[in-house]
Structure formats: C-alpha cells, structure tokens
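Colleague: I'd like to ask you about the structure that follows.
The values are calculated or read from the model by the stated rules, or taken from the named source; none is laboratory data. Being a predicted model, the structure only gives us computed values, none of them experimental. A quick note on method: Cβ atoms are made from the backbone with ideal geometry, for glycine too, and the neighbour counts reach across all protein chains shown.
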Amino acid sequence: MEQVFFFYFAFVIAAASVLVVAVRNPIYSAVALLIMFFHVAGLYVTLHAEFLAAVQIIVYAGAILVLYLFVVMLLNLRQDDRYHRQWPMAAAVGLTLVIEAVILTAMKGWTTPVIAAGTETTVGGTGNTEAIGDVLYSTYLFPFEVASLILLVAMIGAIILAKKDLGEPTEL
Amino acid sequence: MSLYGTDLLALLPELIIVVTACLVLALDPITPASRRDLLAWLSVGALALCLGLTGWQISVLNVRVSAFSDLVVIDAYARFWKILLYGVTGVIILLSLPYLKAERIHLGEYYGFILLALSGMMVMVSGADLLTIYLGTELMSISLYVLTGFNRSKPRSLEASAKYFVLGAFSSGILLYGISLLYGMAGSTKLASIAVAIGTRGADDPLLLIATILVAVGFGFKLAAVPFHMWTPDVYQGAPTSVTAFMAVAAKAASFAAFIRVFVEGLGGLKADWSLLFLLISVVTLVLGNIVAIVQTNIKRMLAYSSIAHAGYLLIGVVTFSGAAVAYYLVAYLLMTLLCFAVLVVVGNSGGSDQIEDFAGLAKRSPFLAFAMLIGMISLAGVPFTAGFLGKFFIFDAAIRQHQTMLVVIGVITVGCGFYYYLKVVRAMYWLTPPADSQPVPLSALSRLTMTLLIAAIFVLGVYPQPILNALDQPAARATISMFR
C-alpha cells in the first residue's frame, strides 16, 4: 500500500516537474509547480513527517507560489520564448546525468533499500508536530527568540527602505 | 518564566539592549523631530547600564555561565568583547548625532537598528552553539544592510545596501552549508560536541575539511579578508559615514570574536589544517589590502582597504595562536579607526565629500581636528608610543616565536606600504595649502571630548598595554585562550 502511494507521488512529481519547464505559458508552469509541491508534501506524509508536509504546503504552495503568480500576472508575461530553444543543452546535461547514474549503479550494484529501524519521531506518544513545538519552546527557546528579532528587523527595515516619507527633518 | 529565571538573569544585558531598541522604535513616532536627541541619549543610557552590569560581573565573579541549555555561554571572553562593543557603540551614537542632523536623516529608527545590531553582536560573542552564532550574525548583518541604505535620497547608499545584502546573503548560505555539514558529522551544532566528534573521527576526514573551508569562507566575508573582500570598498563608501564606522569597528570586532571562538573551541582539533588555510588568506589579505589602498583617492575607500589590511595582521595572530595579541590588536584597531572616522564624520559633514584632497590644509583651518586625524593615521600606520605600534609588535612577536619568518617579512613590508598611504592624508592636512574660500570646521564640544578621550586611550594603551593583556589572562578566560597558545 505504501509503495503504491510512493509510486503515485513520485510519478506525479516527475511529470509535473517536466511540465513546469516544458509548457510555454508561465501561468501553467506555476500551476504545475503547485501540483508538484502538493505531491512532495504527500511524500513527506508517507515518511511520517507531518509537520514538514504542512510547512511545505503553507510556505511553498501558500506563500512562495502565490508570490510567483503575482509577479507573473503583474508583468503580464503571456509567453516567453527565450528559454524554449535550449534542447541541445538540456540533452547534453540529461545525457551526462544518465551516464553518471549508470556508472554509479554499475559500481555499487542494485541494493534493496535499507529500512531504518525505530527512528520514528514519536516522543511520549505525541506526533512530530508536538515534538517540534516542544523542543522549539524549551531547548531551542533562545534561538527561536533571536529568529523573531531577525524577523522584526527585516520587517521594519523593509519599511524604512521603501516608505516614501519617514518624516525626515526638511531643514536644519 | 520561573523556569528560565536564572537564564534570563544571565542574559540581562542583551535583554536591556533589545528592550531599549524596541522602546526607541516605539517612542520614535510620538517624539517630535526636534527632540529626537532624547532617543540617542536613551540608547546611550542603556549602554551605560549594560557597561556597569557587565563590568560588575567581571569584578565580582568572572566565571563561565551557560544559559538556555548550553546554547549561550557568558564567560570572561564574552564579557571582554561585550564591554568593548558597548563602548564602541556608545561612541558611534554620540558621533552620529550631529552627522545625522547635517545629512537630514535624523530618524529614531537609526538608534533602534544600531542597538539591534549590537544585540546580534552580543549573541555572536557569547554563542556556544553554531545555531546561536549564525542567528546572531544574521541579526547583525540584516540590521547593517538596512543601516547602509539609510541615506535613502542618495543612490550610492542604496546601491551599497543592495550589494551588501546580496553578497551577504550568499556568504550566509555558504556558512550555513558548512554548519550543516558539521551538524551531519557531529550530530549536534554545539561547539563542544563538534570538538568531541572531531577527536573521535580524526582530523583527516574529507567531510570535516570541506566543512571547515566553508565555515572559513562564511566568516572570511564578515571579516573582509581577501578574496572575500569585494563588497568592502563599495559598501564603506556608500554607507552613511557613521554607519561605516560602526561596520569597520563593531561588526569587525564581533565577527573576529565569534570566528576565533568557533575555530578554537569547535574546530580546535583541526588546528594544523586551518592554520595553513589562514596563513595563505592572511598573506593575500596583507598584500592586496595594503597595495590597493595606496591608489585610493577617497578616504572612505582608503579606510576600507586599510580595514582589509588590518584583518590580515589579525589573521597572522590567529595563525600563530596568540589570543592576547589578537585581542590587543583589535582593541587598538577599534580605537584608532574610531578616531579617524570621528574626524571624517565632522569634516565630511562640513565639506560635503570625503576625498583626500578635501583635507588639504586642515591643520590651518582646524588644528585640533587635524591633530586628531594625525594621531589616528600614525597609529594605524604603527608609529611607536601609539597603540597601533604595540599591536603590530605583539603580532610579529608571536609570529617570530612560531618561526613564521615569512609572515613577519611580508608583514613588515606591508607596514611600509601602510606608512605611505596613511601619511598621504597627513601630508594633505599639514603641507598642502587650503582652498582660498575655506573656513574652520565647526566642532561640537561633545565630539571634541570624544576625540580627546580616544587620543588619550591610544597613547595610554600604547605605553601601558597590561589592562588588555590581563583581561583575557584570568583563570576563567584561560580556558579559551590556553588552547590558543
């Protein structure tokens, strides 16, 4: 059952990635990227990394991709043909990678994947989201707070650099 | 709250600085423009409070305290740098006051960001974990990116800010990559655990070497060592002069402090490998920094290359494992660079530009300013009886003891170059005739007092270096430094 899901996610991720670079309309590219992000999140769920899956959807699909779409729509890029005449380059890179993979498998041989024993992160019967939250607010409280300061600096800094009138004194 | 009571108490200076920074940011909108001086004085007051607090800690019980599950350590080493950073930041704020008014960028946010950058530096110098050190570095850097672009009406300032940001983000990425490899190797980002893991894995592990190189590159950028120095001249020139002073002095000191802690406490087991790496870097830094400085006509660019060159001398101290010499050199460097920038802030303000020729005949216009600049320059060059001379003396002494004759030879030759370009400014001030329409440069009593104190400190430390050498020689400090000897 797990394998079925893995192959489903892996296939969709690969197909969507190809679509991202192959379709000509940037909007379709972005949507294909969105599909890929969702399936990567699905892959994380099969690995029992629920927190990572949620972050993947919230941050990548929710924030970064929406930003992409905004830019694409604001710039009104209907079609950009500049990057669609790169088949020779793509073939060369792809061929190199295939040769590398063949050599590596020939050297190491096919081995069955090693299934790690007992590494599931369930601390005291809680899920991994709770476990992460737990260490974040206990062991790593200090770095967490410093990171919040960094966000504060970034936020105010962006305002300072971008705002039109900050009330600078006009005369001496 | 009660859980972290003692931890918070240990971090009281950091808390005071952060709270003051937030207070300044919050008070700024309700402070009328004419009374923004109060925000500067509030910041200076907080710094004085922290200075007293840390000074009291040093005098009462200078022991190593770990806080927040060993992510932060407050030891004699951290306290030494914190004291220095408070002092330097205080002087910078005092110098900024008239400068910001003249440049018409007197905004409360400036002081808030200076204090936030300072809190990042404090986290850096007392980080016992790569995670904390990295976050401290980022807090400092991001505040500096904003401060660099603070003069928003000048394209040069914004360009410097963008350049600094892009290159800085890139170097942070490299540093993080190194840290992640170390984490993968040791299973922890704590410096102590990394040292243990290096002990068990042996020093010739290729993974370790790659990680060391990446971390060295990341720090090399912050220290402005060649070949990671490209950003320095442009950023130093573009940033508001008071911010340049802050970068050249405080950011450099904090980066060196964190850098030495990481490489001694964490990667001390690889000393044989990284000392060769830094040997090469220091030679290139010395040669390039000093030679390119000769042809500069803008004094801020010249001071940028001079700051690169001084990073080279400091790296000689790192290569020869002499902690006290590095600490003394840094203190001397802070004092004399601060003095030069103090004069530059005042003169640049009245003249509107900062070319070396603008200093022509300064001695006739404003003898005191010219004298202060003279002291700063000869100390940077390394004339005896100034702190700069003793700093170089200790560094070369350490190098000779370690039989690094080649380094000493290169060092002495580059000092010769230094004399040429530092004295070029002195020549302009004392031998060239001032332009016909020149007037004396107005100087506030506060700036005059600050400069007098800096001059006094340069001479006192130049003949009596014991306080600095002893500060790091106490039993608690020896833990870090002994590995260094």
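Colleague: Do we find that A:Ile99 is assigned to a helix (DSSP H, G or I), within 10 Å of chain B (Cβ to nearest Cβ) and modelled with pLDDT of 85 or more in this structure?
Modeller: no
Colleague: Right, something else. Can you find a residue that is in contact with a helix residue (DSSP H, G or I) (Cβ under 6 Å, 6 or more places away or on another chain), within 27 Å of B:Tyr4 (Cα to Cα), of a type in the set (Lys, Arg) and in a helix (DSSP H, G or I) anywhere in segment B:142-161?
Modeller: no
Colleague: When you check B:Ser34 against the structure, is it outside any strand (DSSP E or B), out of contact with any helix residue (DSSP H, G or I) (no Cβ under 9 Å at 6 or more places or on another chain) and within 14 Å of chain A (Cβ to nearest Cβ), yes or no?
Modeller: Working: outside any strand (DSSP E or B): yes; out of contact with any helix residue (DSSP H, G or I) (no Cβ under 9 Å at 6 or more places or on another chain): yes; within 14 Å of chain A (Cβ to nearest Cβ): yes.
So B:Ser34 fits the description; yes.
Colleague: Further question on the same structure: Quick one: which residue in A:Phe51, A:Phe5, A:Phe70 is modelled with pLDDT of 90 or more and either farther than 25 Å from A:Gly127 by Cα or in a helix (DSSP H, G or I) (or both)?
Modeller: Going through A:Phe51, A:Phe5, A:Phe70 in turn, just one is modelled with pLDDT of 90 or more and either farther than 25 Å from A:Gly127 by Cα or in a helix (DSSP H, G or I) (or both): A:Phe5.
Colleague: Given the criteria within 10 Å of chain A (Cβ to nearest Cβ), within 22 Å of B:Val19 (Cβ to Cβ) and within 17 Å of the chain's Cα centre (by Cα), does B:Ser126 qualify?
Modeller: Judged against the criteria, B:Ser126 is not a match.
Colleague: Here is a follow-up. Taking the stated definitions as given, is A:Leu172 over 30 Å from B:Met124 (Cα atoms), surrounded by 10 or more Cβ atoms within 10 Å (Cβ to Cβ) and modelled with pLDDT under 90?
Modeller: no
Colleague: Then there's this: Return the total of residues in segment B:9-21 being in a helix (DSSP H, G or I) and either within 18 Å of B:Val63 (Cβ to Cβ) or out of contact with any Leu (no Cβ under 8 Å at 6 or more places or on another chain) (or both).
Modeller: 6
Colleague: Still on this structure: Can you tell me which residues in segment B:46-64 are in contact with a helix residue (DSSP H, G or I) (Cβ under 8 Å, 6 or more places away or on another chain) and modelled with pLDDT of 85 or more?
Modeller: Selection gives B:Ala46, B:Leu47, B:Ala48, B:Leu49, B:Cys50, B:Leu51, B:Leu53, B:Thr54, B:Gly55.
Colleague: Any chance you could count how many residues in segment A:28-71 are loosely packed, with under 15 Cβ neighbours inside 10 Å, over 14 Å from the mean Cα position of the chain (by Cα) and hydrophobic (A, V, I, L, M, F, W, C)?
Modeller: Summing the residues that are loosely packed, with under 15 Cβ neighbours inside 10 Å, over 14 Å from the mean Cα position of the chain (by Cα) and hydrophobic (A, V, I, L, M, F, W, C) in segment A:28-71 gives 3.
Colleague: Also, I was wondering about something else. How about segment B:103-116: which of its residues are surrounded by fewer than 24 Cβ atoms within 10 Å (Cβ to Cβ), part of a helix (DSSP H, G or I) and facing chain A (nearest Cβ under 7 Å)?
Modeller: Passing the criteria: only B:Glu109.
Colleague: Only helices (runs of 4 or more DSSP H) wholly contained in segment B:327-432 count here; list those with 2 or more residues that are buried (at least 23 other Cβ atoms within 10 Å of the Cβ) and modelled with pLDDT of 90 or more.
Modeller: Counting at least 2 such residues, we get B:367-381, B:387-401, B:405-430.
Colleague: Restricting to segment B:131-187, give me the number of residues that are within 10 Å of chain A (Cβ to nearest Cβ) and surrounded by fewer than 17 Cβ atoms within 10 Å (Cβ to Cβ).
Modeller: Adding up the residues that qualify gives 2.
Colleague: Moving on to the next point. Cβ-Cβ under 7 Å, sequence separation 6+ or interchain: first residue in segment B:2-26 and within 13 Å of chain A (Cβ to nearest Cβ), partner outside any helix (DSSP H, G or I) and surrounded by 13 or more Cβ atoms within 10 Å (Cβ to Cβ). Which pairs?
Modeller: Pairs found: B:Asp7/B:Ala67; B:Asp7/B:Phe68; B:Ala10/B:Val65; B:Ala10/B:Ala67; B:Ala10/B:Ile74; B:Leu11/B:Ala67; B:Leu11/B:Val72.
Quick grid of which residues meet (1) modelled with pLDDT of 85 or more; (2) within 14 Å of chain B (Cβ to nearest Cβ); (3) more than 30 Å from A:Glu50 (Cβ to Cβ); (4) part of a loop (DSSP other than H, G, I, E, B):
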| residue | (1), (2), (3), (4) |
| --- | --- |
| A:Gln79 | no, no, yes, yes |
| A:Arg82 | no, no, yes, yes |
| A:Ala90 | no, no, yes, no |
| A:Gly118 | no, no, no, yes |
| A:Thr121 | no, no, no, yes |
| A:Asp134 | yes, yes, no, no |
| A:Val146 | yes, yes, no, no |
| A:Ile150 | yes, yes, no, no |
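Colleague: Aliphatic (A, V, I, L, M) and more than 19 Å from A:Ala154 (Cα to Cα) - does that describe any residue in segment B:116-128?
Modeller: yes
Colleague: Still on this structure: Since A:Glu130 meets every condition but one in (1) at pLDDT below 90; (2) facing chain B (nearest Cβ under 9 Å); (3) part of a helix (DSSP H, G or I), which condition does it not meet?
Modeller: So the condition that A:Glu130 fails would be (2).
Colleague: Do we have any residue at all in segment B:188-199 that's over 26 Å from B:Ser69 (Cα atoms), within 14 Å of chain A (Cβ to nearest Cβ) and either touching a residue at least 12 places away in the same chain (Cβ under 8 Å) or assigned to a helix (DSSP H, G or I) (or both)?
Modeller: There is no residue in segment B:188-199 that is over 26 Å from B:Ser69 (Cα atoms), within 14 Å of chain A (Cβ to nearest Cβ) and either touching a residue at least 12 places away in the same chain (Cβ under 8 Å) or assigned to a helix (DSSP H, G or I) (or both).
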